[in-house]
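Asker: Handing you this structure, nothing more for now.
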Amino acid sequence: AMWDGRRWREMAGGVDSTVFALSSGPAGGGAPDSLYVGGGFLIAGGESIPQLARWDGGSWHAVGGGVGGVTSPFITVLARTNALAGDALYVGGSFLQAGSVAASNVARWDGAQWSAMGAGLSDRAQAFAVHDDGRGPALYVGGRFLLAGGVSAARVARWDGASWEPLASGLSGTVNALAVYDDGRGDALYAGGSFSSAGGAPASNLARWDGSTWEGVGSGTDGQVFALAVYDDRSGSGPGLYIGGRFDVGGGVIASRIVRWDGVSWSTLDAG
């Protein structure tokens with residue numbers, strides 16, 4: 001559905017099943033940018049448009065043949081950036097083909113055609129973040145995989161537009177969310193998910209990557225993290241990293257499913 005600031009509006013029939021991801025993206029052919037929608041659906045606007053659909057403000061369109069190559073393909077994450085070889089939409093999920101291109105769980109769409117991202121990933125992608133850790137901008141990808149581009153990369157990896165690189169020894173469990181946050185020590189990549197260590201260091205479901213080393217974030221959370229977002233609530237304390245998931249404690253503070261980290265301390269959001 002679409003919210004115009006005053007009311008909800010229906011989107012030409014919507015889609016017939018789960019939506020996991022939304023992003024703006026290039027439409028190609030000089031057309032205005034569109035909204036891309038990814039998930040596990042098979043139909044958009046009453047037409048056969050599986051897993052990935054483009055909304056132009058009035059109607060739905062298929063996207064280059066969509067994704068496939070597995071019994072039940074789906075898309076879990078979308079992100080747009082022009083930092084890597086031109087404006088493009090990056091697509092992640094569970095698939096082995098994008099259009100007619102062999103693409104293992106991740107692919108790039110430039111508005112006109114698909115391209116593979118090297119040898120891709122050995123399992124599902126679940127999170128994207130664009131970040132420059134001092135080596136130039138790159139797309140950071142988290143998920144359930146153990147290989148990226150055929151190289152050992154435990155659940156998180158860096159794509160620079162040409163090749164994959166692991167982030168030290170990676171994480172001990174699934175990554176569900178990534179975000180870039182300036183925590184007072186400069187921009188860092190934060191990862192949230194279901195894990196107990198990062199780069200061999202203790203990290204309870206939340207970890208920080210400074211470009212060379214992983215570390216835990218305080219005592220982390222006592223349950224799985226599903227979402228990360230940077231937000232300034234105008235309280236005067238500046239932007240914070242907001243962490244959502246299935247937990248009751250964050251950083252030792254009773255925090256029902258959502259908590260804020262400012263780089264030094266944790267705080268709750270009312271009763272959560």
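Asker: Enter the accessible area per residue of segment 100-177 (Å², integer; probe 1.4 Å; all protein chains in place).
Answerer: Spelled out: the 1.4 Å probe surface of segment 100-177, per residue, equals 36 Å².
Asker: Would you kindly derive the ³J(HN,Hα) couplings of segment 113-125 from the backbone phi angles with the Karplus curve 6.51 cos²θ - 1.76 cosθ + 1.60 (θ = phi - 60°), listing them in order in whole Hz, with x for Gly and Pro?
Answerer: 8, 8, 9, 6, 10, x, 7, x, 10, 7, 7, 4, 8
Asker: Could I ask something else about it? Could you go through segment 171-177 in sequence order and give the Karplus-derived ³J(HN,Hα) for each residue, using 6.51 cos²θ - 1.76 cosθ + 1.60 with θ = phi - 60°, rounded to whole Hz, and x for Gly and Pro?
Answerer: Rounded to whole hertz, the list is 10, 7, x, 4, 9, 9, 8.
Asker: If amide hydrogens are placed 1.01 Å from N in the peptide plane, which non-local residues have theirs closer than 5 Å to the one on V67?
Answerer: Amide H to amide H, under 5 Å and 5 or more residues apart or across chains, V67 pairs with L52, G99.
Asker: Please express the shape of segment 205-256 as an equivalent ellipsoid: the semi-axes are the square roots of 5 times the eigenvalues of the C-alpha gyration tensor, given largest first in whole angstrom.
Answerer: 18, 17, 10
Asker: Find how many whole Å separate the alpha carbon centroid of segment 98-163 from the alpha carbon centroid of segment 165-196.
Answerer: About 16 Å separates the Cα centre of segment 165-196 from the one of segment 98-163.
Asker: Another question, if that's okay. With only alpha-carbon atoms in the gyration tensor, what are the semi-axes of the equivalent ellipsoid for segment 8-52, in Å, largest first?
Answerer: Semi-axes (√(5λ), whole Å): 19, 12, 11.
Asker: Further, regarding this structure: Using each residue's phi in segment 251-264, evaluate 6.51 cos²θ - 1.76 cosθ + 1.60 at θ = phi - 60° and report the 3J(HN,Hα) Karplus result to the nearest Hz, with x for Gly and Pro.
Answerer: Residue by residue, segment 251-264 yields x, x, 9, 5, 8, 6, 6, 8, 8, 10, 10, 10, x, 10 Hz.
Asker: Quick one: which residues, 5+ away or cross-chain, put their amide H under 5 Å from the amide H of F226? H built at 1.01 Å from N.
Answerer: Amide H neighbours of F226, under 5 Å, 5+ apart: G244, G245, R246.
Asker: What is the Cα radius of gyration of segment 87-236 over 2.2 N^0.38 Å, N being its residue count?
Answerer: 1.03
Asker: Roughly how many nanometres apart are two label points built 7 Å out from the Cα toward the Cβ at S267 and D233?
Answerer: With each label point 7 Å from Cα toward Cβ, the separation is 0.6 nm.
Asker: In the neighborhood of P73, defined by Cβ-to-Cβ distances under 14 Å, what is the net charge if each Lys or Arg adds +1 and each Asp or Glu adds -1?
Answerer: Here the charged neighbours net out to 0.
Asker: A further question on this structure: Among R135, R257, R54, which one shows the biggest mean-square fluctuation in a GNM of the chain, springs joining Cα atoms closer than 10 Å?
Answerer: Looking only at R135, R257, R54, the largest GNM fluctuation is found for R135.
Asker: What are the residues whose amide H is under 5 Å from the amide H of A203, where those residues sit 5 or more places off or on another chain and H is modelled from the backbone?
Answerer: Those qualifying (amide H under 5 Å, at least 5 residues apart or on another chain) are S197, A198.
Asker: Taking Rh as the Kirkwood radius, which is the inverse of the mean 1/r over Cα pairs, what is the Rg/Rh value for the chain?
Answerer: So for the chain, dividing Rg by the Kirkwood Rh gives 0.98.
Asker: Taking a label point 7 Å from the Cα of I258 along the Cα→Cβ vector, which residues of segment 207-238 have an amide N closer than 15 Å to it?
Answerer: Counting only backbone N, you get 226-234.
Asker: Still on this structure: Measure off, as a whole percent, the carbon and sulfur share of the 1.4 Å-probe accessible area of the chain, all protein chains present.
Answerer: 50
The values are calculated or read from the model by the stated rules, or taken from the named source; none is laboratory data. Keep in mind it's a predicted model, so treat the numbers as computed, not measured. Here the Cβ is made from the backbone with ideal geometry for all residues, glycine too, and neighbour counts use every protein chain on show. With ligands, DNA and RNA removed, areas are computed over all heavy atoms of the protein, side chains included. Shrake-Rupley method; radii C 1.70, N 1.55, O 1.52, S 1.80 Å.
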